[in-house]
Amino acid sequence: MRTKRHIFIAVSLLLALSLQAQESNRSAQSAAAAAKNHHLEVAKHLDIFNQLYKYLDLMYVDTLDAEKVIGTGIKSMLRSLDPYTEYFPEQKDLRTFISGKYGGIGALIRYHLGQKTVVIDEPYEGTPAQEVGLKKGDVILSIDDSVMTGKDTKYVSERLRGDAGTTFMLKIRRPSTGKEMKMKVTRRQIQYSPTIPFYGMREGGVGYISLSQFTEGCSQEVRRAFVDLRNRGMKALVLDLRGNGGGSEAEAVNLVNMFVPRGLTVVSNRGKMKQAVHEYKTTVEPLDTLMPLAVLVNGESASASEITCGALQDLKRAILVGTRTYGKGLVQVPIDLPYNTNVKITTSRYYLPSDRCIQGTGVEPDMVVKLDTLPNIAYYLTGSGVDSTEVAFDYVVDYISRHPTIDKPAEFHLTDADFAEFKQRVLKSGFTYDPVSKKQLAELVKTAKFEGYYDEARETFDALEAKLKHDIGRDLDQHETVLRQMLEEDILAAYYYQSGVLEAGLRHDRQLEAAVGVLTEKIAEKR
């Protein structure tokens, strides 16, 4: 009996193993068939595309521009994937994208609607533009022997840029004097913005570090700033990642490692290829694991910024303050293509320590603090778009010409007389703009006419239109605080560059104020 039972068990096991082998074999055959079918589909459609273009080139009524037609096909193909898989026709474009650097003079330029030409908007600190003495408002007349008057910003920008070390003659006209000047400018490697635009101490022993991008070596710069602030008595830190679109994943891991112990997983990459699968851990001893830490984030904090803030949040090391981050949880790899072209391909997703992928969802802050929206009049007055005016820009240029020096960023303010002058210039210029309410009323009228209600409600619409008719003087008074701040920051950029603008902006930063409040409480708890 026992023997029969053993035989039965053995037969059952053999049968089970046989069925499992068959199932495994069927799965392998199915996978092989799917792979073969995929390769056939790829070959088929590539052949169709090849033949289609061949006949178009041969028979189409006009001569085809291969670069334009096939380039459009490439762009359409990539648009069907994700927004970060991108084709670069020229290698230097990809290098610029990855490094955040370019060869040029280091200045923002803009098209001046009144003068119908390109002018200097803002020279960067420590660049050729600053060193040769370019100022806000300088009109670009020529570059070498090429006339720039009447050209658009793209045309002028392309000629200001070039290989580092190359030299050209720049001719400008200074609006405050009307004098034309020539200057020899040597291009250098320029970074789009300083890695750390500003760091310093706030009230109550709270330190502040702003990190603009995750470029190579940025974690070391943050480390140096942290040590400096700690030596100055820092008891808690605010790390500002607002507007930081990311960069190096390795630098994000290094930055997190400053505040958490060695051996912890910060981020994991998971993709289809073996090379795309990787886990990043902290590898060195941290600088400080106890100091209270807050991270400021917003909708423009992306990629490496989200790795940093998300990991610090998951590891219970920092409190996040601000608004939800952008939600870029995809990793790209650059690939060289024939004829000096490149492509940047999404190869994996990254996952935070809690195993969450924030692609499309972003990182939610622990404390949500929303900022006020910019009033419509401020956009039209201080913007640089085709719908804006130059009255604010010209006011700032004139202010700078009349003031050789101004107070330090933390102390500088426009006087009541200064703003009154600005207001009069706006009114005298005949400035007008379309308020959102007026546009929405026009849409409502259009809908009412379509649905047949307008005639009956005409008097109500006319009364509402009269009430919504904007009064520029009233609008300037109503939004004086915001307009003052924007004018002050624009003026400060001419004297103290981006560091001064950022420092001054912290005076009325509600998100920073909230973070400092939380950290101050934590400092008090530790006493």
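The values are calculated or read from the model by the stated rules, or taken from the named source; none is laboratory data. Please read these numbers as outputs of a predicted model, since none were measured by experiment. FYI the Cβ positions are ideal-geometry reconstructions off the backbone, even for glycines, and counts take in every protein chain you see. Surface areas here come from the heavy atoms of the whole protein model, side chains and all, with no ligands, DNA or RNA. Shrake-Rupley method; radii C 1.70, N 1.55, O 1.52, S 1.80 Å.
Using the alpha-carbon atoms, what tilt in degrees (0 to 90, nearest 10) does helix 391-402 show relative to the longest principal axis of the chain?
Relative to the chain, helix 391-402 is tipped by roughly 60 degrees.
Charges on Cβ only, +1 for Lys and Arg, -1 for Asp and Glu, centred on the Cα centroid of the range 230-346; of V321, G245, V256, which one is farthest towards the dipole's positive end?
V321
Expressed as an acute angle from 0 to 90° and rounded to the nearest 10, what is the orientation of the C-alpha long axis of helix 458-468 relative to the principal long axis of the chain?
Roughly 80 degrees, rounded to the nearest 10.
Given the protein chains as shown and a 1.4 Å probe, how many square angstrom of V368 are accessible, to the nearest 10?
Here the residue's solvent-accessible area equals roughly 90 Å².
By average Cβ neighbour count within 10 Å, what is the ranking of 131-138, 74-81, 144-151 from highest down?
131-138, 144-151, 74-81
Sort out for me the Cα centre separation of the range 482-520 from the range 225-239, rounded to whole Å.
19 Å
Please give the residues of the range 188-226, grouped as numeric ranges, whose backbone N is less than 18 Å from a label point set 7 Å along the Cα-to-Cβ vector of E131.
188-194
Largest first, what is the accessible-area ranking of D228, D65 with a 1.4 Å probe?
The residues order as D65, D228, largest area first.
Please work out which option in (i) 34, 29, 22; (ii) 44, 30, 20; (iii) 50, 35, 29 gives semi-axes √(5λ) of the Cα gyration tensor in Å calculated from these coordinates, and answer with its label.
(iii)
Treat every Asp and Glu Cβ in the range 116-223 as -1 and every Lys and Arg Cβ as +1, leave all other atoms uncharged, and give the resulting dipole magnitude about the Cα centre to the nearest 20 debye.
Once rounded to the nearest 20, the dipole reads 420 debye.
If you average the sequence gap of Cα pairs under 8 Å that are 6 or more apart and divide by the length of the range 138-193, what percent do you get for the contact order?
Reported relative contact order: 36 percent.
Between K449 and H45, what FRET efficiency comes out of the Förster formula 1/(1 + (r/R0)^6) with R0 = 56 Å and r the beta carbon distance, rounded to 0.05?
Using R0 = 56 Å, I get an efficiency of 0.65.
How far apart, in nm, are two points set 7 Å out from the Cα along the Cα-to-Cβ line at V482 and at S176?
Here the answer is 3.0 nm between the modelled labels.
Can you tell which of V119, A32, L464 lies farthest toward the positive end of the dipole of the chain, using +1 and -1 charges on the Cβ of basic and acidic side chains (Lys, Arg; Asp, Glu)?
A32
What is the helix-to-structure angle for 416-429, meaning the angle in degrees between its Cα long axis and the longest Cα principal axis of the chain, kept from 0 to 90 and rounded to the nearest 10?
That works out to roughly 90 degrees.
For the chain, what relative contact order do you get, as a whole percent, if you take Cα pairs closer than 8 Å and at least 6 residues apart?
12 percent
For a test of understanding, tell me how many lysine pairs in the range 226-361 have Cα atoms under 23 Å apart, given they are 8 or more places apart or on different chains.
10
Give me the dipole magnitude in Debye, nearest 20, for the range 374-527 about the Cα centre, with unit charges on the beta carbon: positive for Lys and Arg, negative for Asp and Glu.
260 debye
For the charge dipole of the range 393-463, defined by +1 on Lys and Arg C-beta atoms and -1 on Asp and Glu C-beta atoms about the Cα centroid, which residue among Y453, T415, Y399 has the Cα displaced farthest towards the positive pole?
Y399
With a ≥ b ≥ c the root eigenvalues of the C-alpha gyration tensor of the range 266-394, is it rounded (a/c under 1.5), prolate (a/b larger than b/c) or oblate?
In terms of gyration-tensor shape, oblate.
May I ask you to evaluate 6.51 cos²θ - 1.76 cosθ + 1.60, the Karplus curve with θ = phi - 60°, for each residue of the range 483-492 and list the ³J(HN,Hα) values in order in whole Hz, giving x for glycine and proline?
5, 4, 4, 5, 5, 4, 5, 5, 5, 4
Can you give the helix-only mean residue ellipticity at 222 nm for the chain, where every DSSP H stretch with n ≥ 4 adds -39500 (n - 2.57) and the sum goes over all residues, rounded to the nearest 500 deg cm²/dmol?
-14500 deg cm²/dmol
When only DSSP loop residues count, what trypsin sites (Lys or Arg not before Pro) in the range 222-298 have their Cβ near at most 16 other Cβ atoms within 10 Å?
Listed in order of number, the matching sites are R232, R262, K272.
FRET efficiency for T432 and R507, Cβ-Cβ distance as r, R0 = 22 Å, nearest 0.05?
Taking R0 as 22 Å, the efficiency between T432 and R507 is 0.10.
Once you order the gyration tensor axes a ≥ b ≥ c over the Cα atoms, which shape class does the range 313-378 get: rounded for a/c under 1.5, otherwise prolate or oblate by comparing a/b with b/c?
oblate
Taking the DSSP beta bridges in the range 277-401 as the whole, what percent of them are antiparallel, to the nearest 5?
So the antiparallel bridges amount to about 55 percent of the total.
Can you tell me which of 410-421, 477-488 comes out highest on packing, and rank the rest after it, using the mean Cβ neighbours within 10 Å?
With the highest mean Cβ count within 10 Å placed first, the list reads 477-488, 410-421.
FRET efficiency for L290 and V333, Cβ-Cβ distance as r, R0 = 51 Å, nearest 0.05?
Once the sixth-power term is evaluated, E becomes 0.85.
Quick one: putting +1 on the C-beta of Lys and Arg, -1 on the C-beta of Asp and Glu, what dipole do you get for the chain around its Cα centre, in Debye to the nearest 20?
In debye, rounded to 20, the chain gives about 2000.
What fraction of the DSSP beta bridges in the chain is antiparallel, stated in percent and rounded to the nearest 5?
Roughly 75 percent of the beta bridges in the chain run antiparallel, per DSSP.
Out of the trypsin sites (Lys or Arg not before Pro) in the range 289-368, which ones are loop residues according to DSSP with at most 12 other C-beta atoms within 10 Å?
Answer in residue order: K316.
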